[in-house]
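**Student:** Take this structure first; my questions come after.
The values are calculated or read from the model by the stated rules, or taken from the named source; none is laboratory data. Every value quoted in this text rests on a predicted model; they were computed, and no experiment measured them. Backbone-built Cβ (ideal geometry, glycine too); neighbour counts: all protein chains shown.
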Amino acid sequence: MTTTDDARPTGRPGDDDSTTARADHAGAVGAETPWWVRAGVAAAVALGVVARFVPRGELWLDEALSANIAELGGRAAAEALRRDGHPPLYYWILDAWSSVVGDSAWALRSLSGLFGVAALPLAWLAGRRLVERQAGAARAGEVAQRARTTATAALVVTALLPFAVRYSSETRMYSLVMLLVLVGYLLVDAHLRRARWSTGVGIALTGAALLWSHYWSLWLLGATGLGALGLAWWSNRRGDTARRDAALGVAAALVVAGIAFAPWLPTMLYQGANTGTPWGDPVRPATFFVLGLIYLAGGAVAEPQLVAYLFTGLLVLGVAGATNSRGRIELGLRVRPNAQPEAAVVLATMALAWLAAFATRSAFAARYLAVLVPIAVLVAALGLSAIRDDRWRRGLAVVLLTGFAVGIVAEVDRGRTQAGDVADAVVAAAAEADEPPLLFVCPDQNGPSIERALRARGAGDAVDIVTYPALGDPRFVDWVDYAARNAAADPASITGAALDRAGGRTVLYAFTGNYRTLEGQCEAVLQSLATVRGAPAVLVPPAERNEDEPAIELLRFDPR
């Protein structure tokens, strides 16, 4: 591998023409794609589509909260979100969707699946545009081949990326965010090519939709706006007034998007001051990058983690890599085409996000990177197409996608919650009891998934459900001043109130020990219950591992 500051993907003066011809003949330029490659691409995309709709059991906490808030509808959902921590657009869409297809777990998740499928052709088109916008004076045949290769890579990687598959099968807003990012990318590209009112309005609407979907869009739009202003300044210095005006148009459209978000700003500020992220701690900047790559490729599964290193290498090639006419990979800041503007937006977004998290002491979750994943995929796709030798490029693609496929299998097989097992045991216990038992859930974060699972079994009225510490509505979690309220809770008195409510009925206790901000309290409740009711019977033991929710144990305390 050689390193140079002016590497080019095509030959430089003095390159041997016969070498170039041999490289072209080897399939670097203009070769027809073999049928088996096209079949493999089709199979990979089909696998990705199917994986987005495979049933995955009951809704876990975040999904159940999304469904419960969404079914409130309209203003009531927006008011509930004030005590939750998200903007409302996805919840309004989910409410409309459930009114048509129903509220089963699969039906609710299918909305995200449709968003994920809709993103696939947009990823293909974005990959193609990434190359075409930098075509310059390069040969038309080579540009077309590179554009096709990049577009195909973007399509297949998006289809099989474990991160994209996971959030296209979850009742959350992240699949919608990824779709909107691709729409916005294409609109910005079109506007910079030729400024029009239609693309400017489209950028403003898409930016507003992103802001109303997830708060990390603030950092993406901020980074994009800064990039647009920088491009306008540079174009003005070079005398390119058309480019300058187009870049200023992008910045102006993003300002309009921000103005459209202004009505929700007071709620966002209230959430930021009162809800926060009590479930985690702030992280160092490097953790953003490392965790992002790990979860991008497939989370805790070893094989996808290994190919995450390969994905990182492709990111480097997408920014600064090219293959010369002799077949050697070269690195340099002036290679063309490159994804340096896209990489700059990614880095600037992560920097802004980390600074905001550090200032507010907020936790980081890898799912927030949904605003950056489509752009990272484009950079990696361009890096893959920088490898002109067909055998090497296809071989690396097979390794990458095989690792992704392992991540998908692990994702489909992964347990998200024990709520289904708990609900089955509760239904059986209720059938044996003379009166509806009291189901006491500790902490309240276990309530939404268990209540949702009971409702799915038509057993919502078979038990009386209360949650610790507020003995309130099990459908929701009030995140306002969450840690402070938990610290002030008295397990003994709360348990006494729950037992008074139960009277002579059976008490079912579903709990998770050592929950953050509640350390030791659910165990103290257990001790208080055992003191009054005696030793319990174990109905559901805790699972060895759940990825999304900690394990839940269900106990039965019979009346004395």
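**Student:** Would you check which residues across region 471-517 are surrounded by fewer than 20 Cβ atoms within 10 Å (Cβ to Cβ), hydrophobic (A, V, I, L, M, F, W, C) and within 18 Å of LEU529 (Cβ to Cβ) and list them?
**Tutor:** Once the filter is applied, which keeps residues that are surrounded by fewer than 20 Cβ atoms within 10 Å (Cβ to Cβ), hydrophobic (A, V, I, L, M, F, W, C) and within 18 Å of LEU529 (Cβ to Cβ), region 471-517 yields LEU471, ALA489, ALA492, ALA497, LEU499.
**Student:** Name the residues in region 447-467 that are at pLDDT below 95, under 22 Å from ASP500 (Cα atoms) and either outside the structural domain of GLU549 (by TED's automatic domain parsing) or within 34 Å of the chain's Cα centre (by Cα) (or both), would you?
**Tutor:** Within region 447-467, just GLY460 meets the criteria.
**Student:** Moving to a separate point now. Quick check on this structure: which one of ILE93, ILE69 is β-branched (Val, Ile, Thr), assigned to a helix (DSSP H, G or I), surrounded by fewer than 19 Cβ atoms within 10 Å (Cβ to Cβ) and in contact (Cβ under 8 Å) with a residue 24 or more places away in the chain?
**Tutor:** Working: ILE69 fails: surrounded by fewer than 19 Cβ atoms within 10 Å (Cβ to Cβ).
Residue meeting the stated conditions: ILE93.
**Student:** Taking the condition in contact with a Ser or Thr (Cβ under 7 Å, 6 or more places away or on another chain), of a type in the set (D, E, K, R) and surrounded by 14 or more Cβ atoms within 10 Å (Cβ to Cβ), does GLU303 pass?
**Tutor:** On the way: in contact with a Ser or Thr (Cβ under 7 Å, 6 or more places away or on another chain): no; of a type in the set (D, E, K, R): yes; surrounded by 14 or more Cβ atoms within 10 Å (Cβ to Cβ): yes.
Taking the combined requirement at face value, the residue does not satisfy it.
**Student:** Now for a different question. Output yes when any residue across region 323-346 is small (Gly, Ala, Ser) and buried (at least 22 other Cβ atoms within 10 Å of the Cβ), and no when none is. Working first, answer last.
**Tutor:** Going through region 323-346, the residues small (Gly, Ala, Ser) turn out to be 325, 327, 332, 339, 343-344.
Filter once more, so that each one left must be buried (at least 22 other Cβ atoms within 10 Å of the Cβ): 325, 339.
Scanning region 323-346 turns up at least one residue that is small (Gly, Ala, Ser) and buried (at least 22 other Cβ atoms within 10 Å of the Cβ).
**Student:** So which residues in region 229-243 are out of contact with any Leu (no Cβ under 7 Å at 6 or more places or on another chain) and crowded, with 19+ Cβ neighbours inside 10 Å, if there are any at all?
**Tutor:** LEU231, SER235
**Student:** Right, another one. Name the residue, out of ALA376, ALA351, that is assigned to a helix (DSSP H, G or I), in contact with a helix residue (DSSP H, G or I) (Cβ under 9 Å, 6 or more places away or on another chain) and surrounded by fewer than 17 Cβ atoms within 10 Å (Cβ to Cβ).
**Tutor:** Numbers: ALA376 fails: surrounded by fewer than 17 Cβ atoms within 10 Å (Cβ to Cβ).
The unique qualifying residue is ALA351.
**Student:** Quick one: in region 96-137, which of the residues that are among the β-branched types (Val, Ile, Thr) and crowded, with 16+ Cβ neighbours inside 10 Å is nearest to the chain's Cα centre (by Cα)? Quick ask: steps written out before the conclusion?
**Tutor:** Kept after step one, since they are among the β-branched types (Val, Ile, Thr), are these residues of region 96-137: 100-101, 117, 131.
Going one step further and asking which of them are crowded, with 16+ Cβ neighbours inside 10 Å, we end up with 117, 131.
Details: VAL117: 15, VAL131: 26 Å.
Checked region 96-137; the qualifying residue nearest to the chain's Cα centre (by Cα) is VAL117.
**Student:** Still on this model: How many residues are surrounded by fewer than 16 Cβ atoms within 10 Å (Cβ to Cβ) and charged (D, E, K, R) if we restrict to region 395-432?
**Tutor:** Matching residues across region 395-432 total 2.
**Student:** Just checking, does region 113-134 include any residue being closer than 21 Å to LEU315 by Cα and not in a helix (DSSP H, G or I)?
**Tutor:** yes
**Student:** Identify, please: which residue in region 170-200 is in contact with a Lys or Arg (Cβ under 6 Å, 6 or more places away or on another chain) and either part of a helix (DSSP H, G or I) or in the same structural domain as GLU549 (by TED's automatic domain parsing) (or both) and is, among those, surrounded by the most Cβ atoms within 10 Å (Cβ to Cβ)?
**Tutor:** The initial filter retains those residues of region 170-200 that are in contact with a Lys or Arg (Cβ under 6 Å, 6 or more places away or on another chain), namely 171, 174, 189.
Filter again for either part of a helix (DSSP H, G or I) or in the same structural domain as GLU549 (by TED's automatic domain parsing) (or both), leaving 174, 189.
Values: TYR174: 26, ASP189: 16.
So, considering only residues that are in contact with a Lys or Arg (Cβ under 6 Å, 6 or more places away or on another chain) and either part of a helix (DSSP H, G or I) or in the same structural domain as GLU549 (by TED's automatic domain parsing) (or both), the one surrounded by the most Cβ atoms within 10 Å (Cβ to Cβ) is TYR174.
**Student:** Identify all residues within region 508-535 that are under 36 Å from the mean Cα position of the chain (by Cα) and among the polar types (S, T, N, Q); write none if there are none.
**Tutor:** THR512, ASN514, THR517, GLN521
**Student:** Applying the selection to region 304-329, what residues are more than 21 Å from the chain's Cα centre (by Cα), at pLDDT below 85 and of a type in the set (A, V, I, L, M, F, W, C)?
**Tutor:** Hits for region 304-329 are ALA322, ILE329.
**Student:** Which of the strands (runs of 3 or more DSSP E) found entirely inside region 446-560 contain at least 3 residues meeting this: free of Cβ contacts under 8 Å to residues at least 40 places away in the same chain? Give the steps one after another, and end with the answer.
**Tutor:** Details: elements: 464-467, 507-511, 537-540, 553-557.
The strands (runs of 3 or more DSSP E) meeting that bar are 464-467.
**Student:** Restricting to region 72-90, name every residue that is in a helix (DSSP H, G or I), within 14 Å of VAL477 (Cα to Cα) and not small (Gly, Ala, Ser). Reasoning before the result, please.
**Tutor:** Going residue by residue through region 72-90, those that are in a helix (DSSP H, G or I) are 74-81, 89-90.
Within this subset, residues satisfying the condition of being within 14 Å of VAL477 (Cα to Cα) are 77, 79-81.
Result: GLU79, LEU81.
**Student:** What about VAL373, is it among the hydrophobic types (A, V, I, L, M, F, W, C), in the same structural domain as LEU47 (by TED's automatic domain parsing) and under 30 Å from SER104 (Cβ atoms)? Steps first, please.
**Tutor:** Numbers: among the hydrophobic types (A, V, I, L, M, F, W, C): yes; in the same structural domain as LEU47 (by TED's automatic domain parsing): yes; under 30 Å from SER104 (Cβ atoms): yes.
Spelling it out, VAL373 is indeed among the hydrophobic types (A, V, I, L, M, F, W, C), in the same structural domain as LEU47 (by TED's automatic domain parsing) and under 30 Å from SER104 (Cβ atoms).
**Student:** Then there's this: Sort through ALA429, ALA423, ALA363 and tell me the only one that's hydrophobic (A, V, I, L, M, F, W, C) and within 21 Å of the chain's Cα centre (by Cα).
**Tutor:** Numbers: ALA429 fails: within 21 Å of the chain's Cα centre (by Cα); ALA423 fails: within 21 Å of the chain's Cα centre (by Cα).
Residue meeting the stated conditions: ALA363.
**Student:** Out of everything in region 256-280 that is surrounded by fewer than 14 Cβ atoms within 10 Å (Cβ to Cβ) and among the hydrophobic types (A, V, I, L, M, F, W, C), what residue ends up being modelled with the lowest pLDDT?
**Tutor:** Checked region 256-280; the qualifying residue modelled with the lowest pLDDT is ALA273.
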